[in-house]
1. Which residues, taken from the stretch 1-28, are touching a Lys or Arg at 6+ places or on another chain (Cβ under 8 Å) and among the hydrophobic types (A, V, I, L, M, F, W, C)?
2. So which of 10, 34, 42 is aliphatic (A, V, I, L, M) and touching a Phe, Trp or Tyr at 6+ places or on another chain (Cβ under 9 Å)?
Amino acid sequence: MLGQGCCRAVLARGPCAEVTRCSCGHIHLAVGPVTLRLEEDVLRALGHTLLEAIHQLEESPRMPPHEPEASEPPAPEIAHGAPTGGWKQ
């Protein structure tokens with residue numbers, strides 16, 4: 001929620017996320033229905049962590065799909081008409 005007199009400027013926007021800077025100094029990272037209010041140094045650290053994860057994904061072979069163990073409960077079924085894709089901004 002924006003405070004009295006606060007306004008946001010968009011720093012970056014993509015298909016699933018948006019980063020804005022509030023006039024009060026906070027950085028807001030919105031991913032789907034979730035918004036994180038961060039300080040600038042935390043956003044930078046998060047960016048480095050995400051870049052490292054992407055690098056690791058590119059360098060390592062893709063893992064095969066998980067086969068459930070006999071003792072694992074079956075995955076819940078998706079209700080008819082329920083969304084199946086990722087979050088959209």
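We did not get these values from a lab; they are worked out from the coordinates using the rules stated. The structure displayed is predicted, hence computed values, not measured ones. Please note: Cβ atoms are built from the backbone with ideal geometry, for glycine as well, and neighbour counts cover all protein chains shown.
1. Filtering the stretch 1-28 down to residues touching a Lys or Arg at 6+ places or on another chain (Cβ under 8 Å) leaves 2, 8-9, 11, 15-16, 19-23, 26-28.
Across the stretch 1-28, the qualifying residues are 2, 9, 11, 16, 19, 22, 27.
2. From the options 10, 34, 42, the qualifying one is 34.
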